[in-house]
Structure formats: C-alpha cells, structure tokens
Amino acid sequence: MWALKDKQKEVLNLLQIDLKTINKDEIFNHTYYQGLLVEIGNLRKDIETYVPSQDKNKLYLNKPLSSYTKLIKVPLFSYTEFVQRAQTADVIWFNERKMPEYFFEVEYTTNFNEALLKFLDLRDFHSKFFIVSDKKRRGEYEKKLKSSAFKELSERIKFLDYESISKLYMYEHKLLKIRRLVNI
C-alpha cells in the first residue's frame with residue numbers, strides 16, 4: 001500500500017489521517033485514490049480537476065469528493081457524445097484551454113474492460129490515459145492490452161499502481177513547497 005514505508009507517517013500527516021481511529025479498508029478504497037488524483041491535479045499549475053456526478057458525494061477524508069474538485073461539470077470540449085462519454089471517467093485533469101489532458105480510471109475491484117473501452121472511444125483526443133490499480137493486477141492489465149481490440153491504444157495507456165500515486169502525491173507537495181520558497 002505504501003510507496004515508502006518510512007514515509008507512511010508523513011503521508012498520513014499530510015492527509016490528516018490517524019491510523020488508530022480508522023478502518024483501513026474503508027479509507028483506502030476507490031474513492032481514496034480518486035481523491036488523491038484530484039489533489040495531485042489541484043497542486044499542479046493550470047490544471048482543473050473533475051470527478052463524475054455519481055462520485056461527487058462519496059467521502060474522501062470525511063468530505064465529499066466534490067469539495068476538492070475545481071470543476072462541477074465537464075467543459076464542452078467536443079461533440080455531445082464525446083463529452084458524455086468522458087464525463088464518466090473517474091478523474092479528469094483539464095488544461096488551461098479546458099481540454100481533457102489526463103483521464104484516470106481507478107480499477108479497485110472491477111474489470112479493466114470498461115475503462116479500456118472508454119479510452120478507445122476517446123482515442124482521437126490528444127489526452128493521456130491511465131489505469132490506476134493494485135500492482136498485483138498489472139499482469140491482468142497487460143493481458144487485456146494485448147487483445148487485438150485494444151492494440152491501437154497499447155502505447156497510449158499507462159498503468160499506475162497505488163504506490164506510485166502515493167509517491168506522486170508526496171512529490172507534488174514537496175514541489176509546491178519548493179515553488180513557494182523560490183516564488184515560482
């Protein structure tokens with residue numbers, strides 16, 4: 001679960017989580033990783049974050065996910081059918097032009113097929129696609145990508161495990177502190 005065992009306390013302090021008072025299975029779930037991705041996006045300059053309407057009221061660190069996102073609705077960046085398909089992604093980061101730059105699908109317990117089909121539908125956009133899951137599921141992910149149905153996307157979709165997301169969160173916080181220190 002943890003990117004670096006020796007950094008576990010630091011991450012928990014950043015997120016204001018007390019391990020003594022929580023049920024780990026309730027906290028470290030699909031919504032938790034959506035929240036981390038939203039927070040990472042929010043730490044980046046010129047990124048606006050979005051989660052789908054069905055997830056907006058799910059709790060991340062005792063607050064609804066919607067209280068962390070910068071966007072309530074997906075910007076109308078294309079034709080209606082593409083916008084509708086995009087708005088079901090678990091997390092989207094939009095650039096300053098309101099175009100989807102990063103799509104994330106968190107596959108906590110579900111099959112990878114739906115996420116891969118969604119990315120296939122959105123392949124004509126200059127976006128980056130990420131499947132986020134447990135590193136134990138990487139083999140399952142790679143097997144799915146080898147299917148001829150997803151061959152076209154095999155170079156565009158990246159797998160991120162939970163540990164990488166935790167590390168990225170820590171590094172983004174450190175980078176923010178450095179930016180503040182040097183005023184950039």
* Asked: Given a cut-off of under 8 Å on Cα pairs at least six residues apart, what relative contact order in percent is computed for region 27-112?
  -> 31
* Asked: Packing-wise, with mean Cβ within 10 Å as the measure, how do 161-169, 61-69 rank, highest first?
  -> 161-169, 61-69
* Hz values of 3J(HN,Hα) by residue in region 106-118 - Karplus curve (6.51, -1.76, 1.60), Gly and Pro given as x -> 8, 10, 6, 10, 8, 5, 7, 4, 4, 5, 5, 5, 4
* Quote the relative contact order of region 92-184 in percent (integer), defining contacts as alpha-carbon pairs under 8 Å separated by 6+ residues. => 24
* Picking from Leu176, His126, Ile165, whose Cα lies most toward the positive end of the charge dipole for region 101-184 (charges on Cβ: Lys, Arg +1; Asp, Glu -1)? -> Leu176
* Structure fact -> Note to self: C-alpha centroids of region 134-161 and region 41-90 sit apart, in Å, by 24
* Asked: Taking the mean number of other Cβ atoms within 10 Å as a proxy for protection, how do you rank 31-42, 76-87, 95-106 from highest to lowest?
  -> 31-42, 95-106, 76-87
* Work out how much length Thr80 to Thr109 would gain on full extension: take 0.36 nm times their residue separation and subtract the Cα-Cα distance, in nm to one decimal. => 7.5 nm
* Of the listed pairs Lys45/Lys144; Lys98/Lys174; Lys146/Lys174; Lys144/Lys177, which have alpha-carbon separations greater than 32 Å here? => Lys45/Lys144; Lys146/Lys174; Lys144/Lys177
* Would you pull out the residues with amide H under 5 Å of Tyr102's amide H, same chain only if 5 or more places away, H placed 1.01 Å from N? => Trp93, Lys128
* To do: Per residue of region 127-138, in order, report the coupling 6.51 cos²θ - 1.76 cosθ + 1.60 (Karplus, θ = phi - 60°) as ³J(HN,Hα) in whole Hz, putting x for Gly and Pro.
  => 10, 9, 10, 9, 9, 10, 7, 5, 4, 5, 9, 4
* Would you work out which of Val51, Ala115, Phe82 lies farthest towards the positive end of the dipole of region 29-120? Charges go on Cβ: Lys and Arg +1, Asp and Glu -1. => Val51
* Structure fact -> Carbon/sulfur accessible area of region 104-184, % of total, 1.4 Å probe, equals 53
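The values are calculated or read from the model by the stated rules, or taken from the named source; none is laboratory data. What you see is a predicted model; the values in this text were computed from it and never measured. Because the Cβ atoms are built from the backbone with ideal geometry, glycine has one as well, and the counts that use them run over all protein chains shown. Note: accessible area is taken over every heavy atom of the protein model, side chains too, but ligands, DNA and RNA are not part of it. Shrake-Rupley method; radii C 1.70, N 1.55, O 1.52, S 1.80 Å.
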